[in-house]
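As structure tokens, the structure follows; a few thoughts come after it.
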Amino acid sequence: MEYISTRGGAKAPGSIQAMLTGLAADGGLFIPRQFPEGVLGRSLAWKDLSYADLATGILSLFLTDFTMEELKEMVGTVYTEERFSSPSITPVNTLRPGLGFLELWHGPTCAFKDLALQLLPHLLVKAARKSGDDRKIILLVATSGDTGKAALEGFRDLPGTMVIVFYPAQGVSAMQKRQMLTQEGENTMVIGVEGNFDQAQTGVKTIFSHQELGERMSQAGMRFSSANSINWGRLIPQVVYYVWAYLSWVREGSLQAGEEFNVVVPTGNFGNILAAYYGKRLGLPIKKLICASNMNNVLTEFLRTGVYNRKREFYQTISPSMDILISSNLERLLFELAQKDTERVKTLMKELQETGVYRLPADLLEQLGADFWGGYATEEETKQAMAEVFADHHYLLDPHTAVGYKVYQEYTAHTGDKTPTVIASTASPYKFPASVAQAIMKKEKVTGQEELALLQEISQFTGTPIPEPLRDLDAKPLRHRKVVAAQDMERTVRDILFSHK
Ligand SMILES: *Cc1c(COP(=O)(O)O)cnc(C)c1O
């Protein structure tokens, strides 16, 4: 299956090259030339498959230059009950009839990124080996908090790889920071950036497309790859759990076969919701894709007006993994809306780069509205959602998922749509103990407490267990202390790669 760039200026002969390259040479994102449209029409035949077998089936539709056996072997070591502390990997918790939370946080770092980033290392190493490339893979990652940790865990001590993670030094939660700074593994580097996520992401993209650096690395037996959701190999594993959610609901009778459902996705870089959209294109009966944002509501405005304007105030919120103003994967959606007219995509992206704004032509906006609905939650509304769901259902939401819940309420109030709905629950509430505790507990219990101490408080108060990976974080030594200015990211990478190998 051939892959092309959303901007029309680059190609990859197959998924292997698309994955290894990450970002296309023209700055665009790789996408299959022919999308396997509608093939899930027969998905009910997959109803009784295990998660791992379902994943193999879906991956095989896109990653056509791996054999079925190769995919099965890789997937089989990853989606196990041991790694995801749940036999169904991504269980759907049905809160009440017609409303379920797809829990994507049972993996080793307690956020949905694990579903893709536990698998991606295997895909990349296998891809390199199959293409006869024995250069060391240098993973370069910009993170808004959760991708970094998930990538570090996925690649740690994997022979032939090294991971360099840049995170906004002041832009992640204490817990996320602690998770990353205590990272073990001989091949892991974690570096703070004085700036926000967008600056870190822009820095990484610039380093990627630096030709001289790329050539020098190649001579030294190294190549960059990306674990951000610009990498195709990260998106496809995310399609699997939307199919799984549908089949789970059909199995337990919450949905009839073929019955429509809505999906709500707390969104930042637009990767996770794009995976749901691909699920729809594959034939899942998804009615609306509801895009939930926090105060950084650039996507809400875009979905409502067609104007994408990143020239706006940047807010640090209690849902930090969504504190993003440049949603990279939106470009892949534009490509589909524009019927693969890469010139149109290129023009819009150029406008964004040069002016910080673009306006979607009316025909494309209309198509967008057919599939998507957008809303956002303020900080107060997010806390209220956590408090309300806990009071009514004794179910804990993390702040990102709470944004999703609030926007779901807004959607139903606004449209009257009663279609059964699955909300993607993107992180464990224990990853964000300060805001969760503030939302559900008395002030005296919370003020002045360290985040790590709050884990215990929340656990006692709610009678729910602290996830194993978060339990002993305070006992682990800090191993990564470096912080650099955004403009020094490239030099830092050069130092790491060429001074002390
Ligand atoms: C990454 C992340 C998001 C946003 O996902 P995108 O794919 O970037 O849209 C939402 N919630 C949590 C907890 C995350 O880690």
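Couple of notes before you dig in:
- Residue among 314, 372 that alone is modelled with pLDDT under 95, aromatic (Phe, Trp, Tyr) and within 21 Å of residue 293 (Cβ to Cβ): 314
- Residue in segment 206-215 that is more than 22 Å from the chain's Cα centre (by Cα), farther than 26 Å from residue 269 by Cα, at pLDDT 95 or above and of a type outside the set (Asp, Glu) present: yes
- Unique match (being out of contact with any Asp or Glu (no Cβ under 6 Å at 6 or more places or on another chain), within 24 Å of residue 230 (Cα to Cα) and free of Cβ contacts under 8 Å to residues at least 60 places away in the same chain) among 297, 309: 309
- Unmet criterion (only one of (1) part of a helix (DSSP H, G or I); (2) of a type outside the set (A, V, I, L, M); (3) within 16 Å of the ligand (Cβ to nearest atom)) for residue 375: (1)
- Scanning segment 94-123 for residues that are part of a helix (DSSP H, G or I) and within 13 Å of the chain's Cα centre (by Cα) yields 113, 114, 115, 116, 117, 120.
- When residues of segment 449-501 are limited to those that are of a type in the set (Ser, Thr, Tyr) and over 26 Å from the mean Cα position of the chain (by Cα), the one nearest to residue 213 (Cα to Cα): 499
- Candidate set: segment 216-249, residues that are within 16 Å of the ligand (Cβ to nearest atom) and of a type in the set (S, T, N, Q); chosen: the one modelled with the highest pLDDT: 238
- Looking at 403, 422, just one residue is more than 15 Å from residue 300 (Cα to Cα) and within 16 Å of the ligand (Cβ to nearest atom), and that residue is 422.
- Meeting the requirement of 2 or more residues that are among the β-branched types (Val, Ile, Thr), the helices (runs of 4 or more DSSP H) wholly within segment 382-452 are 399-415, 433-440.
- Neighbours by Cβ (under 9 Å, 6+ apart or cross-chain): first from segment 250-278, within 16 Å of the ligand (Cβ to nearest atom); second in a strand (DSSP E or B) and basic (Lys, Arg): 263/287; 263/288; 264/288
- Residue within segment 126-142 that is closer than 29 Å to residue 194 by Cα, touching a residue at least 24 places away in the same chain (Cβ under 8 Å) and within 16 Å of the ligand (Cβ to nearest atom) present: yes
- Residue pairs meeting the criteria (Cβ under 7 Å; at least 6 apart or on separate chains; first at positive phi and more than 10 Å from the ligand (Cβ to nearest atom), in segment 145-159; second among the small types (Gly, Ala, Ser) and assigned to a loop (DSSP other than H, G, I, E, B)): 157/185
- Residues of segment 290-347 classified as within 14 Å of the ligand (Cβ to nearest atom), in a helix (DSSP H, G or I) and either among the aliphatic types (A, V, I, L, M) or closer than 21 Å to residue 168 by Cβ (or both), total: 8
- Each residue in segment 166-177 was checked for being within 23 Å of residue 206 (Cβ to Cβ) and either within 14 Å of the ligand (Cβ to nearest atom) or within 14 Å of the chain's Cα centre (by Cα) (or both), and 4 of them qualify.
- Take the conditions (1) surrounded by fewer than 22 Cβ atoms within 10 Å (Cβ to Cβ); (2) of a type outside the set (Asp, Glu); (3) part of a helix (DSSP H, G or I); (4) in contact with an Asp or Glu (Cβ under 8 Å, 6 or more places away or on another chain); residue 203 misses just one of them, which is (1).
The values are calculated or read from the model by the stated rules, or taken from the named source; none is laboratory data. What you see is a predicted model; the values in this text were computed from it and never measured. Note that we place each Cβ from the backbone using ideal geometry, even for glycine, and neighbour counts take in every protein chain shown.
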